[in-house]
Amino acid sequence: MWIRPLAAALTVSAAVFGACATRASADTITFDMPVSGMVTNACTGEQVVIDGTQHFKVTDNSSLSGIKSEIETNLTGVTGTTLTGVRYVMNDQTSDMEHADFDPTGDAQLTMENTTIMNRQGQTSGLLTGDDFRLHVLTHLTVVDGVAHADHSDLSSDCR
């Protein structure tokens, strides 16, 4: 579920880097995009048709010496419905920070964090695990002198 917003954010990031690579001052762009599609609640197996708005905030302070950027996206209050009429509310927040030098040492810091919450409206008493889905992803990479020194990924999901 979080791959779609991340892919969109990375596409925006590439466009911003291309447009701002020669400047040294920070530029921030904010915009909204409609979001709709089908997602699956991993707790219930239900297919949910969602509809709402994805908000983007892209800050770029790249220059000829390196990349310094942050991309934040969120889906707040996105609603969804199953084919049987069950209603959902979905929130999703992603933060992606990149700092990389273009010098021969290749030093870089990259951190991506994503949280997705799907709340089913009305409880399903037959599920022991719960019917609300939670996903949290945290990934970090530090590169010094072209060698990865810190590489950490944490993925947790649960049903409540």
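The values are calculated or read from the model by the stated rules, or taken from the named source; none is laboratory data. Predicted model, so just to flag it, every value in this text is computed and none were measured. Cβ sites come from the backbone with ideal geometry, for glycine too, and all protein chains shown count toward neighbours.
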Long-range neighbours under 8 Å by Cβ, at least six apart or interchain, first residue exposed (fewer than 15 other Cβ atoms within 10 Å of the Cβ) within region 62-77, second polar (S, T, N, Q) and at pLDDT below 90:
Leu64/Thr22
Name the residues in region 81-105 that are outside any strand (DSSP E or B) and either in contact with a strand residue (DSSP E or B) (Cβ under 6 Å, 6 or more places away or on another chain) or of a type in the set (Asp, Glu) (or both), would you?
Thr82, Phe102, Asp103
Inspect region 68-80 for any residue being assigned to a loop (DSSP other than H, G, I, E, B) and of a type outside the set (Phe, Trp, Tyr) and give the result as yes or no.
no
Among what's in region 44-61 and is among the hydrophobic types (A, V, I, L, M, F, W, C) and more than 17 Å from Phe133 (Cα to Cα), pick the residue that is surrounded by the most Cβ atoms within 10 Å (Cβ to Cβ).
Val58
Name every residue in region 83-109 that is under 20 Å from Leu135 (Cα atoms) and surrounded by fewer than 17 Cβ atoms within 10 Å (Cβ to Cβ), in order of residue number.
Arg87, Asn91, Met97
Name the residue, out of Ala15, Ala7, Ala42, that is at pLDDT below 95, part of a loop (DSSP other than H, G, I, E, B) and under 19 Å from Thr94 (Cβ atoms).
Ala42
For region 132-139, does any single residue satisfy the condition of being assigned to a loop (DSSP other than H, G, I, E, B) and at pLDDT below 95?
yes
Residues that are charged (D, E, K, R) and over 27 Å from Phe56 (Cα atoms), drawn from region 80-106:
Asp103
Exception for Thr129 within (1) part of a loop (DSSP other than H, G, I, E, B); (2) more than 16 Å from Cys43 (Cβ to Cβ) falls at (2)
Taking region 26-42 and keeping residues loosely packed, with under 13 Cβ neighbours inside 10 Å and under 19 Å from Leu135 (Cα atoms) leaves Gly37, Met38
